[in-house]
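J.: Got a structure here, written out as structure tokens. Questions coming.
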Amino acid sequence: MNSRFNYIETPPSRLATFVGHRLAARDEDAPWLAMSLFLGLVASVAFLIVAFRHGGSIQDDGRMFLSWTSRWDDSSLLRNDLMANFWESVSPWFFRGVYRAAWLVGIPPLVFTKILPALLYPLIALFAYRFVRAIGGEPLLGFVAAAIVLHSLVREDVVISATPRSFWPVLLLACLDGLARRRALQTSLAQLAMTGTYPQMSLVIASMIGFTFITPWRRPYLDLSRDRIVLVACAAVATIAGLLPFLLASGQFSPTITLSEALNTPTFAAGGRGTITETNGTLDFLCAPRLGLFNGRCSQPFEQDIVLTLAVWLIGPVLLFLRMFRGRSGGMRSELPLYFLAMSLGWFVLAALVLFKLHLPNRYTIGLSVVSLVTTPVIVVEWIRDRPFPQWLVRWKIGRTIMLGGTAAVLILTVVGAAAVRSTFRLPKNPELIAAIAAMPKDAVVGGFVRDLDFSPVLTRRSTLFSRELAIAYQLGYFQPTIARMEAVRNAVTTRDPAALASSLQSLRLDVLLIHRADLASGRVPMDFRGFFGSDLDRFERDAAASGKPPLIAGLAEGCTAGTYGDVVALDAHCLMKKAGTS
């Protein structure tokens, strides 16, 4: 029976010997580092295939952060444009610098959005591997960390966004690796770049670095060594220098909205563009997508997903910290993940207490996903690896068959996981309209309640009054003029009064008014934009229609139509004002 099932010791094949040695080796970096980088390249190639599959597409949030970059090609474009000015002001300096450098070597921003994530994935794999090795993990565990982090990040709208938040995973891992190796230059450069891409994360990291002075596992409980002081001092200088441009420019569109103001602003209500409140008007700091600690991953406390997430967040950092008290025994050990967890939660609470002044609370805990993935699952694999039972795999033929098959299956899964890149690219539903706007004179100004204006000015390079996607409300210096423009367009499309129509259009300094054909006849604000006005909009529209007459603009449209693009009518605003003045 033994021979039938191959439960006998037989000489292993060369392949089995090679695989067995690689799995058993505790200090062979070359194969595992190479495979980690290979997974990063797989993710890069998969992303590039997705990115260049559809011409004219753009990343979802790229419509915001790249809305102003056409000025590099022609300084006369988007002159005094509110949206372009605002989004340029909130684009962090390092992010701007990277895109500017690409533009200087001939890569347009819209093309670079399809290249940047591909450049980041191999670096993410590299620093995930290096960090695990730096805290005592074996090469196999470094590969596991790289595979798990890539598997997660290719599915999340972080790196693939090609926006400032694309940078924080690799910079966080680079900073952790630098701290674990006590390399002041690496840590400081990573922190400097973090301040120039994701300031919220840089505050968490700065606090974590400060806490590295504390060493409760050894006396005198404070690390005041020269290396530590130099590292912390260099990181502090990098933090201050990196945040200084942000602090100096932060008042351009001030003030920041307060909580009391937000609770009375329709766009923050349930169903609005920037929803922060529940349907009952309360704030959910646990599960809400914008405010919640768990970033929309739950609907109520103590769900299974919350318990699992907390376990992943806590197990790895806590165990790594407790191992610091065991002296220099084998295995992974580090205080950094727990310090990062504590600082993230501390900044989350502080941001919740002064809501909006430090932006949104969960922007400070977003890094927990990456830190937990390079600790908790890796510790589990380390525990399995230290069990004695796998040793029979190298002695029996059937064991070697299982070993080879299992190894092949795991490697295939890691490759497939790295290649399963999520796509957040968007295409306008009405490309004919976008092309028509792009063909207008450079100084043309367009506007209207049309969702495809989310792609303007980024694809049209023409000034646009407002768009739903870009109308965020955290800075009142930007949002209040945006709402005033929306209200003026609302008045123009609903009024029956010629003087009111002329006044609204004149205040906008508009060249072309865009309106859906159905809205032209009904005189109503379309559903996508109603959340900006609140419940009073229904009464406003009823009052406007009380005369029983159709909207004035509907009667004037025929003689002022500049073009029709699908169901969108482009109206010459100057013609409308002229006709309204003679009505």
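J.: Starting from the residue with the highest accessible area, list 561, 69 in decreasing order, probe 1.4 Å.
T.: 561, 69
J.: What does the helix-only formula give at 222 nm for the chain: each DSSP H stretch with n ≥ 4 adding -39500 (n - 2.57), the total divided by the residues, and the result rounded to the nearest 500 deg cm²/dmol?
T.: Only helices count here, giving -17000 deg cm²/dmol.
J.: Is the stretch 431-581 best put as rounded, prolate or oblate by its Cα gyration tensor, with a ≥ b ≥ c the root eigenvalues, rounded for a/c under 1.5, and otherwise prolate when a/b is larger than b/c, oblate when not? Mind dumping the intermediate values first?
T.: On the way: a/c = 1.56, a/b = 1.13, b/c = 1.39.
It comes out oblate by the Cα gyration axes.
J.: Something else: Return the unpartnered cysteines for the chain, using a Cβ-Cβ cut-off of under 4.7 Å.
T.: 175, 234
J.: Another one. Quick one: length gained pulling residue 73 to residue 48 fully straight, 0.36 nm per residue minus the C-alpha distance?
T.: 6.5 nm
J.: Could you pull out every one of the aspartates and glutamates with an alpha carbon less than 13 Å from that of residue 442, ignoring same-chain neighbours closer than 8 positions?
T.: 73, 74, 81, 511
J.: Another one. Among the lysines, select those whose C-alpha is under 21 Å from the C-alpha of residue 549, and discard any that sit fewer than 8 residues away in the same chain.
T.: 578, 579
J.: So how far, in whole Å, is the C-alpha centre of the stretch 176-209 from the one of the stretch 290-349?
T.: Each part's Cα centre sits 19 Å from the other's.
J.: Going by the alpha-carbon gyration tensor, a ≥ b ≥ c the square roots of its eigenvalues, is the stretch 128-210 rounded (a/c under 1.5) or, if a/c is not under 1.5, prolate (a/b greater than b/c) versus oblate?
T.: Note, shape of the stretch 128-210 comes out oblate.
J.: So how do 219-228, 43-52 stack up, highest first, on mean other-Cβ count within 10 Å?
T.: Per-residue mean Cβ counts within 10 Å order the peptides as 43-52, 219-228.
J.: Treating only the Cβ atoms of Lys and Arg (+1) and Asp and Glu (-1) as charged, compute the dipole magnitude of the chain about its Cα centre; round to the nearest 20 debye.
T.: With only Lys, Arg, Asp and Glu charged at Cβ, the dipole is about 1600 debye.
J.: Still on this structure, please answer the following. Within the stretch 257-323, which chymotrypsin sites (Phe, Trp or Tyr not before Pro) sit in a loop by DSSP and count at most 10 neighbouring Cβ atoms inside 10 Å?
T.: Values: sites: 268, 285, 294, 302, 313, 321; in loops: 285, 294, 302.
When the chymotrypsin sites (Phe, Trp or Tyr not before Pro) of the stretch 257-323 are filtered for loop state and at most 10 Cβ neighbours within 10 Å, 302 remain.
J.: Using a probe radius of 1.4 Å on heavy atoms only, what accessible surface per residue do you get for the chain? Whole Å² is fine.
T.: In whole numbers, the chain has 45 Å² accessible per residue.
J.: For helix 14-24, what angle does its Cα long axis make with the longest principal axis of the chain, in degrees from 0 to 90 and rounded to 10?
T.: On a 0 to 90 degree scale, this one is about 80.
J.: Explain nothing, just the number: relative contact order of the chain, from Cα pairs under 8 Å at least 6 residues apart, as a whole percent.
T.: Reported relative contact order: 17 percent.
J.: OK, next. To test your reading of the geometry: what angle, between 0 and 90 degrees and rounded to tens, separates the Cα axis of helix 226-249 from the longest principal axis of the chain?
T.: Taking the Cα atoms of the chain, the angle to 226-249 is about 10 degrees.
J.: If you line up the long axis of helix 29-51 against the longest principal axis of the chain, both from Cα atoms, how many degrees apart are they, to the nearest 10?
T.: Once rounded, one gets 20 degrees.
J.: Which order do the peptides 413-426, 354-367 come out in when sorted by mean C-beta neighbours inside 10 angstrom, highest first?
T.: Going by the mean number of other Cβ atoms within 10 Å, highest first, we get 354-367, 413-426.
J.: Now, a different point. Identify, among 147, 117, 134, the residue whose Cα sits farthest towards the positive end of the charge dipole of the stretch 101-195, taking +1 on the Cβ of Lys and Arg and -1 on the Cβ of Asp and Glu, with the dipole about the Cα centre.
T.: Going by the charge dipole, the pick is 134.
J.: Hand me the trypsin sites (Lys or Arg not before Pro) from the stretch 86-178 located in a DSSP loop with no more than 15 other Cβ atoms within 10 Å, in residue order please. List each step's numbers first, then the result.
T.: On the way: sites: 96, 100, 114, 130, 133, 155, 165; in loops: 114, 155.
Answer by residue number: 155.
J.: OK, next. Ignoring ligands, DNA and RNA, what percent of the 1.4 Å accessible area of the chain is carbon and sulfur?
T.: Looking at the chain in its full context, I get 62 percent from C and S.
J.: Follow-up. What shape does the stretch 203-352 have by the C-alpha gyration tensor, where a ≥ b ≥ c are the square roots of the eigenvalues, rounded means a/c under 1.5, and otherwise prolate means a/b greater than b/c and oblate the rest?
T.: Oblate.
The values are calculated or read from the model by the stated rules, or taken from the named source; none is laboratory data. Keep in mind that this is a model prediction, so the values were computed, not measured. Don't worry about glycine lacking a Cβ; one is built from the backbone with ideal geometry, like all the others, and counts go over all protein chains shown. Side chains are part of the model used for accessible areas, which takes the heavy atoms of the whole protein and leaves out ligands, DNA and RNA. Shrake-Rupley method; radii C 1.70, N 1.55, O 1.52, S 1.80 Å.
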